[in-house]
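The values are calculated or read from the model by the stated rules, or taken from the named source; none is laboratory data. What you see is a predicted model; the values in this text were computed from it and never measured. Methodologically, a virtual Cβ is constructed for each residue, glycine included, from the backbone with ideal geometry; neighbour enumeration extends over all protein chains shown.
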Amino acid sequence: MESIRIGKDIRVRWPINSSAPLDTLALRLELESPLGVRTEEAFTLEGGSVMFYYPGTRQRDPGTYALTLWANYGAEGQTAVDACHAFRLVGRTCQEAPGGEGLEISTVELPAGELAVGLQGASAYESWLATGHEGTEADFVAWLRQPSVDAAGQAGQAATKALEAAKKATEVAATLQAHDKAWGEAEALRVKAETDRQAAETKRQQDTAAAVKSANDAAREASEKVKEASAAATAANEAAGKVDAAIEAAMQAKELLFHDEWDTACGTDGTYNGETGFYELNGLTDITYEQARAIIDAGHIISTYCEGQYANSKIRTNLPIRTGLSGGGGADNGYFCNCLFANSQLEVIRVNNRFRPHQSYSVYGVLFKADKCRVILGVVDFLFVKAVGTNEGFRTFGNALESATIHNVHFNIYLGNCAKLDLPSFTTLVEKANNTAAITITVHPDVYARLTDPSNAEWYAVNTAAQAKNIAFATTE
């Protein structure tokens, strides 16, 4: 197989041995890129060879290209022959085969292909009988239709479950309203405690000033009154101590109120741990008061128009989403794009039940520069995404990502940065994929090595399941 620098014009000569003259057949030539994209190409016939021209202006992806020649495409007697390793595009001329580094147009001479023309083998009905089945052709047709009948029954069951989920969503909305009311009451108590603290501080300052003035007056009056002045000073210090104690009590009350505020805001996803003195949320158990305060100040996502809400913030994780999208607590709108833009401290992101973007840009910038993000809690659902542009869907996810639940993938996606993404994440991605055509998932070289290693049974099983669903894994190298 020849290696040719990408961007050079290429001529390909492919001799074809056929039982029928090539110019009497309905021929179709297809080119397959390294990403699995097939395109029909124009060609000419010279004697018994197919001549194909591939201009450098159309070349985009480096890697190995394949050619397929179809005869009687889409009609009776259809057949084909492949050149699985026709040529390889490389990034530099120094990577070309010796002698190919010049400026001339490259010509690829392929080995002769064998094109067998004519119907081959038994009919589908005959093959069915040969595998041990019995019955008429009508029985064979009924056997083919049975999976569709079963799928219709399953669809009815899914509709029933969807109605049950909608009912639960209504109950969740009522619970959130109750939480909002409790939060408002807690905030009122916090404001009152702060007012009391300020009043106590003013009283302490006033008492201290009066005590100092009294002590100075007593010293000037006479030395014999020093003892009396000392007693007055002692009384003043006691008063100041009481004020300090009041301030300390007010600060403790403020912190206790924040504990309640935190528990209310986090709901079942987090709490304050009195034994460790840390706050907990979304699986993080060592959140400090300052970090918890920043999370509370960042607030809940309460609207679909949340673009940039957490951008450039320093939160380690986010509060539960309080918008009623996608059956209760999801975020399925393009405005979630860039919500966490440049959040350098983010470790865990919660998207609740389901993040269901409608456009490819909805996912492109979600975690841009969020280099510490390890876990995505909830479901990232690509059901309604029509395309992901140039395969950039998760390109901004960094090497720290360990766990993500991804559903309904039906197009090529790029996970090439995610070296630590775990086995359950890939298992779910394949199980929940709903592609109707072949797709490619590009992964990190370390992940690709595990998927293609037969001795690594669990990872290799994921690759096998993917192949059964017409899903191919590729790597970045």
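Evaluated against (1) in a helix (DSSP H, G or I); (2) free of Cβ contacts under 8 Å to residues at least 12 places away in the same chain, residue 271 falls short on exactly one condition, (1). Picking from residues in region 16-28 that are surrounded by fewer than 18 Cβ atoms within 10 Å (Cβ to Cβ) and in a strand (DSSP E or B), the one that is modelled with the lowest pLDDT is 17. A count restricted to region 139-176 and to residues that are at pLDDT below 80 and closer than 27 Å to residue 296 by Cα stands at 7. Here residue 71 meets the list (1) more than 30 Å from residue 442 (Cα to Cα); (2) without any contact (Cβ under 8 Å) to a residue 24 or more places away in the chain; (3) in contact with a strand residue (DSSP E or B) (Cβ under 6 Å, 6 or more places away or on another chain) almost entirely, failing just condition (2).
Any idea how many residues of region 399-430 are within 20 Å of residue 35 (Cβ to Cβ) and assigned to a helix (DSSP H, G or I)? It would help to see each step written out before you state the result.
Filtering region 399-430 for residues within 20 Å of residue 35 (Cβ to Cβ) gives 406, 409-418, 426, 429-430.
After this cut, where a residue has to be assigned to a helix (DSSP H, G or I) as well, the list is 426, 429-430.
Qualifying residue count, region 399-430: 3.
Specify the residue that is nearest to residue 410 (Cα to Cα); the eligible residues are those in region 444-477 that are touching a helix residue (DSSP H, G or I) at 6+ places or on another chain (Cβ under 8 Å) and among the hydroxyl-bearing types (Ser, Thr, Tyr).
From region 444-477, those touching a helix residue (DSSP H, G or I) at 6+ places or on another chain (Cβ under 8 Å) are 447, 450-454, 456, 458-460, 462-463, 465-466, 469, 471-477; that's our starting set.
Okay, now just the ones that are also among the hydroxyl-bearing types (Ser, Thr, Tyr), so 452, 460, 475-476.
Working: 452: 22, 460: 21, 475: 19, 476: 20 Å.
Selected residue: 475.
Given the criteria surrounded by 10 or more Cβ atoms within 10 Å (Cβ to Cβ), under 30 Å from residue 76 (Cβ atoms) and not aromatic (Phe, Trp, Tyr), does residue 179 qualify? No, not satisfied.
Could you pull out the residue among 68, 57, 64 that is among the polar types (S, T, N, Q), closer than 19 Å to residue 23 by Cα and not in a loop (DSSP other than H, G, I, E, B)?
Details: 57 fails: closer than 19 Å to residue 23 by Cα; 64 fails: closer than 19 Å to residue 23 by Cα.
Result: 68 is the single residue among 68, 57, 64 that is among the polar types (S, T, N, Q), closer than 19 Å to residue 23 by Cα and not in a loop (DSSP other than H, G, I, E, B).
Taken together, the residues in region 268-283 that are surrounded by fewer than 17 Cβ atoms within 10 Å (Cβ to Cβ) and of a type outside the set (Val, Ile, Thr) amount to 6. Residues satisfying the criterion are absent from region 362-379 (criterion: closer than 22 Å to residue 259 by Cα, modelled with pLDDT of 75 or more, part of a strand (DSSP E or B) and in the same structural domain as residue 441 (by TED's automatic domain parsing)). Would you confirm, using the coordinates I've provided, whether residue 206 is modelled with pLDDT under 90, part of a helix (DSSP H, G or I) and surrounded by fewer than 12 Cβ atoms within 10 Å (Cβ to Cβ)? For residue 206, the condition - modelled with pLDDT under 90, part of a helix (DSSP H, G or I) and surrounded by fewer than 12 Cβ atoms within 10 Å (Cβ to Cβ) - is not met.
For the list (1) part of a loop (DSSP other than H, G, I, E, B); (2) within 20 Å of residue 63 (Cα to Cα); (3) modelled with pLDDT of 90 or more; (4) β-branched (Val, Ile, Thr), I need the number of the one condition that residue 390 fails. Residue 390 satisfies every listed condition except (3).
Could you check how many residues of region 466-477 are of a type outside the set (S, T, N, Q) and not in a strand (DSSP E or B)?
As a first pass, look at region 466-477 and keep what is of a type outside the set (S, T, N, Q): 466, 468-469, 471-474, 477.
Checking which are not in a strand (DSSP E or B) leaves us with 466, 468-469, 477.
Final tally of qualifying residues: 4.
Filtered by the rule that a residue be more than 23 Å from residue 56 (Cα to Cα) and buried (at least 17 other Cβ atoms within 10 Å of the Cβ), region 74-95 gives 79, 81. Against the conditions (1) assigned to a helix (DSSP H, G or I); (2) touching a residue at least 12 places away in the same chain (Cβ under 8 Å); (3) not polar (S, T, N, Q), residue 301 satisfies every one except (1).
Among the listed residues 248, 228, 261, 238, which satisfies the condition of being acidic (Asp, Glu), surrounded by 16 or more Cβ atoms within 10 Å (Cβ to Cβ) and part of a helix (DSSP H, G or I)?
Details: 248 fails: surrounded by 16 or more Cβ atoms within 10 Å (Cβ to Cβ); 228 fails: surrounded by 16 or more Cβ atoms within 10 Å (Cβ to Cβ); 238 fails: surrounded by 16 or more Cβ atoms within 10 Å (Cβ to Cβ).
Every option except 261 fails the conditions.
Across region 274-288, which residue is farthest from the chain's Cα centre (by Cα) among those that are under 15 Å from residue 255 (Cβ atoms) and of a type in the set (A, V, I, L, M, F, W, C)? Filtering first and then ranking leaves 278.
It is to be established whether one or more residues within region 443-465 are part of a loop (DSSP other than H, G, I, E, B) and either within 13 Å of the chain's Cα centre (by Cα) or under 22 Å from residue 376 (Cα atoms) (or both). Within region 443-465 (the criterion being part of a loop (DSSP other than H, G, I, E, B) and either within 13 Å of the chain's Cα centre (by Cα) or under 22 Å from residue 376 (Cα atoms) (or both)), the answer is yes, since at least one residue qualifies.
Considering 457, 461, 465, 474, the condition of being out of contact with any Pro (no Cβ under 7 Å at 6 or more places or on another chain), under 19 Å from residue 61 (Cα atoms) and at pLDDT 95 or above is satisfied by 474 alone.
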